[in-house]
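S.K.: So that we are looking at the same thing, I have put the structure below in structure tokens.
The values are calculated or read from the model by the stated rules, or taken from the named source; none is laboratory data. Because the structure is a prediction, the values reported are computed rather than measured. Backbone-built Cβ (ideal geometry, glycine too); neighbour counts: all protein chains shown.
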Amino acid sequence: MSNERQFFDTSGDERVRGFLHEPAVANGDCLILTHGAGADCKALLLVALAECFYLSGWTVLRCDLPFRQERPHGPPPRGSAERDQNGLRAAVASMQRQTPGCIFLGGHSYGGRQASMLAAAKPDLVERLLLLSYPLHPPQRPGELRTAHFPSLQTPALFVQGTKDGFGSIAEIEAALKLISARTELLPVTGAGHELALKKNRAEVAQTIATAFQRFVDYKAA
């Protein structure tokens, strides 16, 4: 298990709360990961991902969004998106004080959506996005697309989507990515639903995602 510790930072407008993974030999870069609407930063996929990145020398912060800090269970209340984005911005500022390298931002489902909306509004905030199971639309309501901010997104983003995700099929995600002018890649996870991984394959899926994102980060345009 990685060297993780509970982390609190109350110096900003929003409190940052979570777990910080600090490698003994750090590469200087930091990945911030946050959770979906029904989870928190202890979500097992986030823990597995943090472990993979930590072993590659990355500092990783798994953080709870403000709505989860206010209530331990249940979905985010209506109107919480702006505050949750402010919470992610506070987490980025906190990690900028902690680490000397690049800051990357990622999240599962609702958390990834808030990360992408924040990045669309603040194009220079982070270097890359890792968007896990982006909730393109509510299940069985494909007309209610959550892509209004995609044309404004200038931060390169890796999307990871299960091939059986009811919040957006691979074909639907591929079509939506055409709205984004920044560089994007799509990593399909065969047979996976919205949670992306089960206990039996969680470590394998996490390693596949971590490897793909590190390759995405290292990509140099010709």
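S.K.: In the set 174, 185, 127, which member is in contact with a Leu (Cβ under 7 Å, 6 or more places away or on another chain), among the acidic types (Asp, Glu) and under 24 Å from residue 47 (Cα atoms)? Before you say what the answer is, go through the steps one by one.
M.R.: Working: 174 fails: under 24 Å from residue 47 (Cα atoms); 127 fails: in contact with a Leu (Cβ under 7 Å, 6 or more places away or on another chain).
Unique residue meeting the criteria: 185.
S.K.: Hey, could you check segment 35-69 for residues that are aliphatic (A, V, I, L, M) and in a helix (DSSP H, G or I) and say which is farthest from the chain's Cα centre (by Cα)? Walk me through how you get there before you give the answer.
M.R.: We begin by selecting, within segment 35-69, every residue aliphatic (A, V, I, L, M); these are 37, 39, 43-50, 55, 60-61, 65.
Filter once more, keeping what is in a helix (DSSP H, G or I): 44-50, 55.
Numbers: 44: 14, 45: 11, 46: 9, 47: 12, 48: 13, 49: 10, 50: 11, 55: 18 Å.
Going through the qualifying residues, I end up with 55.
S.K.: List the pairs whose first member sits in segment 142-153 and is touching a residue at least 24 places away in the same chain (Cβ under 8 Å), whose second member is part of a loop (DSSP other than H, G, I, E, B) and surrounded by fewer than 16 Cβ atoms within 10 Å (Cβ to Cβ), and whose Cβ atoms are under 7 Å apart, counting only residues at least 6 apart or on separate chains?
M.R.: Taking only residues 6 or more apart or on different chains, the pairs are 147/179; 150/179; 151/179.
S.K.: Within the bounds of segment 107-115, is there any residue that is farther than 15 Å from residue 35 by Cα, surrounded by 24 or more Cβ atoms within 10 Å (Cβ to Cβ) and in contact with a strand residue (DSSP E or B) (Cβ under 7 Å, 6 or more places away or on another chain)?
M.R.: Taking segment 107-115 first, the residues farther than 15 Å from residue 35 by Cα are none.
Looking for residues that are farther than 15 Å from residue 35 by Cα, surrounded by 24 or more Cβ atoms within 10 Å (Cβ to Cβ) and in contact with a strand residue (DSSP E or B) (Cβ under 7 Å, 6 or more places away or on another chain), one finds none in segment 107-115, hence no.
S.K.: Taking the condition of being farther than 15 Å from residue 32 by Cβ and touching a residue at least 12 places away in the same chain (Cβ under 8 Å), how many residues in segment 75-106 meet it?
M.R.: Residues meeting the conditions: 6.
S.K.: Hey, another quick one. In segment 124-147, is there at least one residue being in contact with a strand residue (DSSP E or B) (Cβ under 8 Å, 6 or more places away or on another chain) and more than 19 Å from residue 49 (Cβ to Cβ)?
M.R.: yes
S.K.: Among residues belonging to segment 189-211 that are within 25 Å of residue 146 (Cα to Cα), surrounded by fewer than 16 Cβ atoms within 10 Å (Cβ to Cβ) and of a type outside the set (S, T, N, Q), point out the one that is farthest from the chain's Cα centre (by Cα). Give the steps one after another, and end with the answer.
M.R.: Narrowing segment 189-211 to residues within 25 Å of residue 146 (Cα to Cα): 189-197, 209.
From what is left, the residues that are surrounded by fewer than 16 Cβ atoms within 10 Å (Cβ to Cβ) are 190-191, 193.
After this cut, where a residue has to be of a type outside the set (S, T, N, Q) as well, the list is 191, 193.
Numbers: 191: 21, 193: 17 Å.
Here the answer is 191.
S.K.: Additional query: Which of the residues that make up segment 48-81 are of a type in the set (Phe, Trp, Tyr) and in contact with a Cys (Cβ under 8 Å, 6 or more places away or on another chain)? Outline the logic, then answer.
M.R.: Step one: list which residues in segment 48-81 are of a type in the set (Phe, Trp, Tyr), which gives 53-54, 58, 67.
Residue satisfying the conditions is 58 alone.
S.K.: Select from segment 181-222 the residues that are of a type in the set (A, V, I, L, M), in contact (Cβ under 8 Å) with a residue 12 or more places away in the chain and under 18 Å from residue 109 (Cα atoms) and list them in ascending order.
M.R.: The answer is 186, 187, 189, 192, 196, 197, 205, 206, 209, 210.
S.K.: Can you report the number of residues in segment 89-103 which are in contact with a Cys (Cβ under 8 Å, 6 or more places away or on another chain) and in a helix (DSSP H, G or I)? Write out each step before concluding.
M.R.: Of segment 89-103, the ones in contact with a Cys (Cβ under 8 Å, 6 or more places away or on another chain) are 91, 95, 98-99, 101-103.
With in a helix (DSSP H, G or I) added as a condition, the list becomes 91, 95, 98.
The qualifying residues number 3.
S.K.: Only residues that are farther than 15 Å from residue 40 by Cβ, modelled with pLDDT of 90 or more and of a type in the set (Gly, Ala, Ser): list them for segment 1-26, please.
M.R.: 11
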